[in-house]
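Okay, structure first, notes after.
Every read-out reported here was derived from the displayed coordinates using simple, explicitly stated rules and does not represent laboratory data. Computed from a predicted structure; not experimentally measured. All Cβ positions, even for glycine, are placed from backbone atoms using ideal geometry, and neighbour counts span all protein chains on display.
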Amino acid sequence: MTQKTKFHFRCLKCNYIIKDFKEWFEHNQSCPVCKHKFVFTEYEKPSSDVKALIDDKNYTKHDLWRYFDFLPLNDRANIISSEEGAVPVDKWDFLKDFAKKQYNVDIDVFAFRNDLNKGTGTFKDPAGSVAASVLKECGITEYCIASTGNIANAYAHYLAKAGISISVFIPQDALMANEAEVNSYAQRIYRVKGDYAAAKKIAAEYNGKYNILLSGGNIDPMRVEAKKTMVFEWMRLMDKMPTVYIQALSGGTGPIAIDKAYHDLKGTGLLGELPRFLMIQPDQCAPMTQGYRKSKANGFPEGWLNDYPIIESPITAVPTLATGNPGSYPIIADLVRKSNGEMLEFDEKAIVDVARLIAYETHVSVGPAACIAIGGFFEALHHGKLNNGDTVLINVGEGVRRAPKLMEELIYTTQHISSIDEVKPFNRSDYRAKLWEPFLEYDKIAIEKTR
Ligand SMILES: Cc1ncc(COP(=O)(O)O)c(C=O)c1O
Ligand SMILES: [Zn+2]
């Protein structure tokens, strides 16, 4: 007897219903009829039931499995979790005050603290948890993935917890700390001589040669469904929903997942309009932003979604965001436009300024990708992309722990001494003015290509 499933997938091109993961995996994670790879997961329960889960006071765990009814897993016994996906939303009034004082815009600013995920401390942990649980339920013992770093770590951790082996293909420039952590779980790393696109190519060949299941990338339903719960969490934790969502952009699972949640809850009266997606790329690897800027300047001409540059072997200070060949551009660009959002870039040279300021004001040490998102907030203000009344939510995707180089660059108070004569009492607030300086003179940092 086949097990009853509580969900199925609908092909977004031909509407064919794929009944379960077995059928999905058997057809190489594509629609058996039209081969399209983008599907939406649909559930037996009406989506309005999510409200009861959000309000459930008896759910005391700190993870995303509160939303089990709306995650693609049939048996709770297969859940693999390390407390992820239930992270705080902090109010960052210092940025609200800055916006008012410097730009005379009245907004509220919140930080979505994905650095506090307990699996591996990034935005990628929810996907790791759902993927490991689903793969366990499907009896899969070996898996593979190409990754710029953080997703590799999350999958390595959660799959190890599920007793599943994973081969991870990372590009040449991936951070060593990422490599080390994957290794520490006794998962296999292949450091590919080349960029992320090259890593993806070999991973696909590995999948073909040994028939080992390969992660489906940014539109993989396991990832989309996991990250979709972000929206449910905002409903649970925030008094009002964001009107602007700021995220560092590599492949773009975030906006795809947020859009999926809004799609599911349409007609329930639980949600309003999509937030405006402000997607931020590091200036040394910003193919999506460049493509979008050009198409916008030309009035989004016919075929614009397929017109974007490819940056081969990008050299960027943020290897986790080094997607030089963004195959997901047509999906992401479409969502950004649909949401009245924007794609921006942030000057990588100012990453350390962001990290120091945030650590001073909030006592949180943020990582390089998070600095790009937060930098995007300043960039957005500078270019007039935030309006009176906006509720801005910045996705703080990672802490600094996997970027020891950035951590070292945070050093600025040290004084080298040899005797007590060189030592005197100090007041930490004396550093404040200096830390704000780059942002008060933002013209020096701003990417002026953006109008
Ligand atoms: C911390 C962090 N923020 C943002 C991103 C970008 O995520 P996406 O692939 O959804 O664009 C990544 C990607 O690795 C990341 O690690
Ligand atoms: Zn189809």
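Ordering Ser250, Ser48 from the fewest to the most neighbouring beta carbons within 10 Å gives Ser48, Ser250.
Remark on the chain: Cys138, Cys144, Cys285, Cys371 stand apart, with no other cysteine beta carbon under 4.7 Å. In terms of its C-alpha gyration tensor, the range 265-375 has an oblate overall shape, because the principal axis ratio a/c (a ≥ b ≥ c, square roots of the eigenvalues) is not below 1.5 and a/b does not outweigh b/c. Treating r as the C-beta distance of Val89 and Ser313 and R0 as 30 Å, the FRET efficiency rounds to 0.20.
According to the square roots a ≥ b ≥ c of the eigenvalues of the Cα gyration tensor, what is the shape class of the range 1-44, taking rounded for a/c under 1.5, prolate for a/b larger than b/c otherwise, and oblate for the remainder? Oblate, since a/c reaches 1.5 and b/c is not below a/b.
If R0 equals 35 Å, the separation of the Cβ atoms of Lys100 and Lys424 corresponds to a calculated FRET efficiency of about 0.45.
Report the antiparallel proportion of the DSSP beta bridges in the chain as a percent, rounded to a multiple of 5.
Numbers: 12 of 43 bridges.
So the antiparallel bridges in the chain amount to around 30 percent.
Listing Met238, Met343 from fewest to most neighbouring C-beta atoms within 10 Å gives Met238, Met343.
Cross-link reach is defined here as a Cα-Cα straight distance under 16 Å, omitting same-chain residues fewer than 8 places apart; for Lys444 the lysines meeting it are Lys349, Lys434.
Counting only residues at least eight positions apart within a chain, or on another chain, the lysines with an alpha carbon under 16 Å from that of Lys449 are Lys294, Lys296, Lys385. Once both labels are positioned 7 Å from their Cα atoms along Cα-to-Cβ, the gap between Glu408 and Arg432 label points is 3.2 nm.
Taking only DSSP H segments of four or more residues, each worth -39500 (n - 2.57), what value at 222 nm results for the chain once the sum is divided by all its residues, to the nearest 500 deg cm²/dmol? Don't skip to the end; give the middle numbers.
Values: 15 runs with 165 residues, N = 451.
Helix-only estimate at 222 nm: -11000 deg cm²/dmol.
Can you compute the FRET efficiency between Lys51 and Lys193 using 1/(1 + (r/R0)^6), with r the Cβ-Cβ distance and R0 = 35 Å? Round to the nearest 0.05.
Numbers: r = 51 Å, r/R0 = 1.45.
Computed FRET efficiency for Lys51 and Lys193: 0.10.
Quick one: grab the alpha carbon gyration tensor of the range 189-334, order the square roots of its eigenvalues as a ≥ b ≥ c, and give me rounded if a/c is under 1.5, else prolate or oblate depending on whether a/b is larger than b/c. Taking the square roots of the gyration eigenvalues as a ≥ b ≥ c, the range 189-334 is oblate. As a proxy for reagent exposure, Phe112, Phe232, Phe346 were ordered by neighbouring Cβ count within 10 angstrom, fewest first; the result is Phe232, Phe112, Phe346.
With charges only on Cβ, +1 for K and R and -1 for D and E, what is the dipole size of the range 134-286 about its Cα centre, in debye, rounded to 20?
Here the range 134-286 has a charge dipole of around 180 debye.
Under 19 Å from a label point set 7 Å out along the Cα-to-Cβ vector of Met176, the amide N atoms of the range 362-397 belong to 368.
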